[in-house]
Structure formats: structure tokens, C-alpha cells
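A short write-up of the structure that comes next.
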Amino acid sequence: MDKVQKISSENGVVIFSKSTCCLSYAVHILFQELGVIPYVHEIDRDPEGKEIEKALSRMGFNGPVPAVFISGTLIGSTNEVMSLHLSGSLIPLLQPYRPLN
């Protein structure tokens, strides 16, 4: 859990992903289109990947990847991110991580 907390607290927008996950890619592209470059941590390429998955589960994440964190807070998976976006609540969460235009 320490590694998950460290990564999510040191980076504003984090996607814990697997390299072959198309939903993780879709969330990544959404963030890019909204002007944010997320930190993507591919757990299938991390030797501690199984421990990361267990830590995410202990944090209340029960879905498949992606596991998205914003400002160190677990947001959830694709469904939660898309729901926030459709309701207009995602952009305010991402605002601190968008470059000034």
C-alpha cells in the first residue's frame, strides 16, 4: 500500500493500469483531451504488481483497472471517471493539473 500511496500523492493525476487495457487507454486519452497528462503506472510491468493490486483492493478498489487517483484520492475506475465527466464534476478536479492557457 505504501507504493500506491507514494505514487498517488507525488503525482496529481495517476492511472494504475495494465499495458493491454483498452479502458485505461480511453481514460488516458480523455485526460489528455482535457489538458492533463496523467502519470500512468502499468502494474503488469511492475515486479510488485500483485502487491499493488492487493493494496488497491484494501483501499476499496474492487473493479478492474484502471484505478484512477486525483489529488491523492481514489476516484475509481472508468465508470466513475466517465460519470464525473458527464456530470461536469471532472474538470474542476483536474483544474489544478491543467497548464495555464
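Read-outs throughout are calculated quantities, based only on the coordinates presented, and are distinct from any laboratory measurement. All values derive from a computational prediction rather than experimental measurement. Glycine also receives a Cβ, built like all others from the backbone with ideal geometry; neighbour counts cover every protein chain displayed.
Pairwise inverse Cα distances across the chain, averaged and inverted, put the Kirkwood hydrodynamic radius at 13.5 Å. With respect to the chain, whose longest principal axis is taken over its alpha-carbon atoms, helix 22-33 is tilted by about 30°.
Give the residue list of chymotrypsin sites (Phe, Trp or Tyr not before Pro) in the range 1-57 that are DSSP loop and have at most 15 other beta-carbon atoms within 10 angstrom.
On the way: sites: Phe16, Tyr25, Phe31, Tyr39; in loops: none.
Hits after loop and neighbour filter: nothing returned.
Within the range 1-89, list the GluC sites (Glu not before Pro) lying in a DSSP loop whose Cβ has at most 16 other Cβ atoms in a 10 Å radius.
Numbers: sites: Glu10, Glu33, Glu42, Glu48, Glu51, Glu53, Glu80; in loops: Glu48.
Passing sites in the range 1-89 are Glu48.
Alpha-carbon geometry of the range 14-69: the Rg and the Dmax are 11.1, 31 Å, given in that order. Counting only alpha carbon atoms, the long axis of helix 49-58 and the longest principal axis of the chain meet at about 70°.
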